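Here the structure is laid out as C-alpha cells; the discussion comes afterwards.
Please treat every number below as a calculation from the coordinates, not as lab data. In this text, all values refer to a predicted model and were calculated from it rather than measured experimentally. Ideal geometry is used to build each Cβ from the backbone, glycine not excepted, and the neighbour counts take in all protein chains shown.
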C-alpha cells in the first residue's frame, strides 16, 4: 500500500531509475516476473514524465498501487495456482433460466 507524501513517492520512483539499490517503498518490484517488471518500468517512466509536466500525482500513485497489488498476487503461489487453474465455464443461460 502506498503511504507517505506523493512527492516522496515521486522521489522514490526517480530513485528507481538512478540508484543501484531499490528504494524501500518499491522493493516489492522484485516479486514481479521479468516481463511484468519491464512493463512496470515503462509505465513508471511515463507516469513520472506526466507528473513533471502536470504536477498531478494521482496517476503515479494509482500506477504504483496497482503494480504493488500485482506483485502481491505474483508472490502468492496459492493465488497464482487459482488464477491458472482450468475453469469449467457454463453458458449464462444456465443461470438466467
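Pick from 14, 83, 64: which residue has the top mean-square fluctuation in a GNM of the chain where Cα pairs under 10 Å get a spring?
Largest GNM mean-square fluctuation: 83.
Fewest Cβ neighbours within 10 Å first, please rank 42, 51, 80 accordingly.
42, 80, 51
Select from 33, 77, 23 the residue whose mean-square fluctuation is largest in a Gaussian network model of the chain (Cα-Cα springs shorter than 10 Å).
Ranking 33, 77, 23 by mean-square fluctuation puts 77 first.
Defining a contact as two alpha carbons under 8 Å apart and six or more residues distant in sequence, what relative contact order in percent does the stretch 6-84 show?
32 percent
Roughly how many nanometres apart are two label points built 7 Å out from the Cα toward the Cβ at residue 43 and residue 58?
1.8 nm
At 1.306 mPa s and 10 °C, plugging the Kirkwood radius over alpha-carbon pairs of the chain into Stokes-Einstein gives what diffusion coefficient in µm²/s? Before the final figure, lay out each step's value.
Numbers: Rh = 15.3 Å.
Rounded, D is 104 µm²/s.
Taking Cα atoms, how many degrees apart are the long axis of helix 34-54 and the longest axis of the chain, rounded to 10 and kept between 0 and 90?
Helix 34-54 sits at roughly 50 degrees to that axis.
Note the angle between two axes, namely the Cα long axis of helix 6-18 and the longest principal axis of the Cα atoms of the chain, as a number of degrees from 0 to 90, rounded to the nearest 10.
For 6-18 against the chain, the angle is about 90 degrees.
Report the FRET efficiency, 1/(1 + (r/R0)^6), for residue 76 and residue 17, where r is their Cβ-Cβ distance and R0 is 22 Å, rounded to 0.05.
In this case the efficiency is close to 0.20.
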